[in-house]
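Heads up, the thing below is written out as structure tokens.
The values are calculated or read from the model by the stated rules, or taken from the named source; none is laboratory data. Because the structure is predicted, anything quoted here is derived from the model rather than measured. When we count neighbours, we look across all protein chains shown, and the Cβ atoms used for this are built from the backbone with ideal geometry, even at glycine.
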Amino acid sequence: MKYRDIPPTDVAALRAEADLLIFDTRDSASYARGHMDTAQPVTDAAIQQLIRGRQRQRPVLVYCYRGNSSRNLCELLAGFGFERVHNLAGGWQAWERFQATKPSPALGAWLNQQGFPAEDIHARIDNGMAPLMLASLKGDSALVTELLALGADPNHVNDDDHHALWFACVHGDPELVSLLIAHGANVDNQNVNGATCAIYTASTGKLEVLRRLVEAGANLGKETSGGYTALESASTLPVLKYLRGLTPDRRALSSAQA
């Protein structure tokens, strides 16, 4: 019977089994600095007790530093007829990297409340909404910051071709808008109707948000499918004055411009 290498992503499912045994084959100092919950150091007494117990169906997970030396114990247990022996691929180093990319408890709880899997920051719910989009819509800067740090893509779009920056504009927080732009959000993304964030903010009178978009280089010559630019969509006098006051090369407002 052979043992099985498993990646850190598969450990959660294995740990759901109440009788799982976890062995840490590293030195005592490394174990003292940090180890998996319920993991026990490998000792001759522990291994002998396991073998004498004859619970050959009991699941066992073994890890070392990098996933290599732990294979020796896995082979030993498999040789004694244990049928569910697992070696953690990449060892403790891989486990630490994996833990660093997991959502915090607060983010995990929020994901679960919103209908996302608790550890999947790339999941989608209704209308293709991703966690980063929803956090941006709600104006939660702390969640947005963590999601970006964990690798959430600010340019993923939902079923209407709206991305996180669009939803930050809907919420109306200029600082959140700047945060997403600083992480590479496309200021000129167009939705299914051709509207950009600049067109949207002009049409809703969100002057301060519009300023951030313009400062980031938003192309004000972009048009909706109906042929309207940001200037032509301006809904308030302050927005209209602001757009008219921009220099011609900065505005790019001529519909004839490429």
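For the stretch 135-189, what are the residues that are in contact (Cβ under 8 Å) with a residue 40 or more places away in the chain and hydroxyl-bearing (S, T, Y)?
Answer for the stretch 135-189, where residues must be in contact (Cβ under 8 Å) with a residue 40 or more places away in the chain and hydroxyl-bearing (S, T, Y): just S136.
Exactly one condition in (1) surrounded by fewer than 15 Cβ atoms within 10 Å (Cβ to Cβ); (2) among the hydrophobic types (A, V, I, L, M, F, W, C); (3) under 30 Å from N158 (Cβ atoms) is not met by A118; state its number.
The failed condition is (1).
Which of the residues belonging to the stretch 3-33 are among the charged types (D, E, K, R) and within 30 Å of the chain's Cα centre (by Cα)?
The first filter runs over the stretch 3-33 and keeps only residues among the charged types (D, E, K, R), leaving 4-5, 10, 15, 17, 19, 24, 26-27, 33.
Those that are among the charged types (D, E, K, R) and within 30 Å of the chain's Cα centre (by Cα): R4, D5, D10, R15, E17, D24, R33.
Output the residue which, of all residues in the stretch 14-48 that are part of a helix (DSSP H, G or I), of a type in the set (G, A, S) and touching a residue at least 12 places away in the same chain (Cβ under 8 Å), is surrounded by the most Cβ atoms within 10 Å (Cβ to Cβ).
Initially, the stretch 14-48 is screened for residues part of a helix (DSSP H, G or I), giving 14-15, 28-33, 44-48.
Now restrict to residues that are of a type in the set (G, A, S): 28-30, 32, 45-46.
Subsequent filtering for residues that are touching a residue at least 12 places away in the same chain (Cβ under 8 Å) retains 28, 30, 46.
On the way: S28: 9, S30: 15, A46: 13.
Ranking the qualifying residues of the stretch 14-48, first place goes to S30.
Got a number for residues in the stretch 171-191 being among the acidic types (D, E) and either at positive phi or assigned to a helix (DSSP H, G or I) (or both)? Step through it out loud before you land on a result.
From the stretch 171-191, those among the acidic types (D, E) are 173, 175, 188; that's our starting set.
Next, from what is left, pick out any that are either at positive phi or assigned to a helix (DSSP H, G or I) (or both): 175.
Number satisfying all stated conditions: 1.
Take the stretch 192-227 and flag every residue that is part of a loop (DSSP other than H, G, I, E, B) and under 17 Å from S178 (Cα atoms). Before you say what the answer is, go through the steps one by one.
Of the stretch 192-227, the ones part of a loop (DSSP other than H, G, I, E, B) are 192-196, 204-206, 216-227.
Answer for the stretch 192-227, where residues must be part of a loop (DSSP other than H, G, I, E, B) and under 17 Å from S178 (Cα atoms): T196, K206, A216, G217, A218, N219.
Would you please name the residue that is surrounded by the fewest Cβ atoms within 10 Å (Cβ to Cβ), looking only at residues in the stretch 49-58 that are in a loop (DSSP other than H, G, I, E, B) and among the polar types (S, T, N, Q)?
Step one: filter the stretch 49-58 for residues in a loop (DSSP other than H, G, I, E, B), giving 54-58.
Now restrict to residues that are among the polar types (S, T, N, Q): 55, 57.
Values: Q55: 13, Q57: 10.
Going through the qualifying residues, I end up with Q57.
Report whether or not A109 is within 17 Å of D37 (Cβ to Cβ) and free of Cβ contacts under 8 Å to residues at least 24 places away in the same chain. Don't jump to the end; show me each part of the working.
Details: within 17 Å of D37 (Cβ to Cβ): no; free of Cβ contacts under 8 Å to residues at least 24 places away in the same chain: yes.
Against the criterion (within 17 Å of D37 (Cβ to Cβ) and free of Cβ contacts under 8 Å to residues at least 24 places away in the same chain), A109 does not qualify.
Among the numbered criteria (1) of a type in the set (V, I, T); (2) surrounded by fewer than 22 Cβ atoms within 10 Å (Cβ to Cβ); (3) at pLDDT below 95, which single criterion is violated by T145?
(3)
Say we look at the stretch 235-258 and pick out the residues that are modelled with pLDDT of 95 or more and in a loop (DSSP other than H, G, I, E, B); which of these is nearest to A195 (Cα to Cα)?
For the stretch 235-258, the residue satisfying everything is S235.
Test each condition in (1) surrounded by 20 or more Cβ atoms within 10 Å (Cβ to Cβ); (2) in a helix (DSSP H, G or I) for A106 and report the one that comes out false.
(1)
Any idea which of V62, V11 is part of a helix (DSSP H, G or I) and either within 18 Å of G90 (Cα to Cα) or outside the structural domain of Q93 (by TED's automatic domain parsing) (or both)?
Numbers: V62 fails: part of a helix (DSSP H, G or I).
When all the criteria are applied, what remains is V11.
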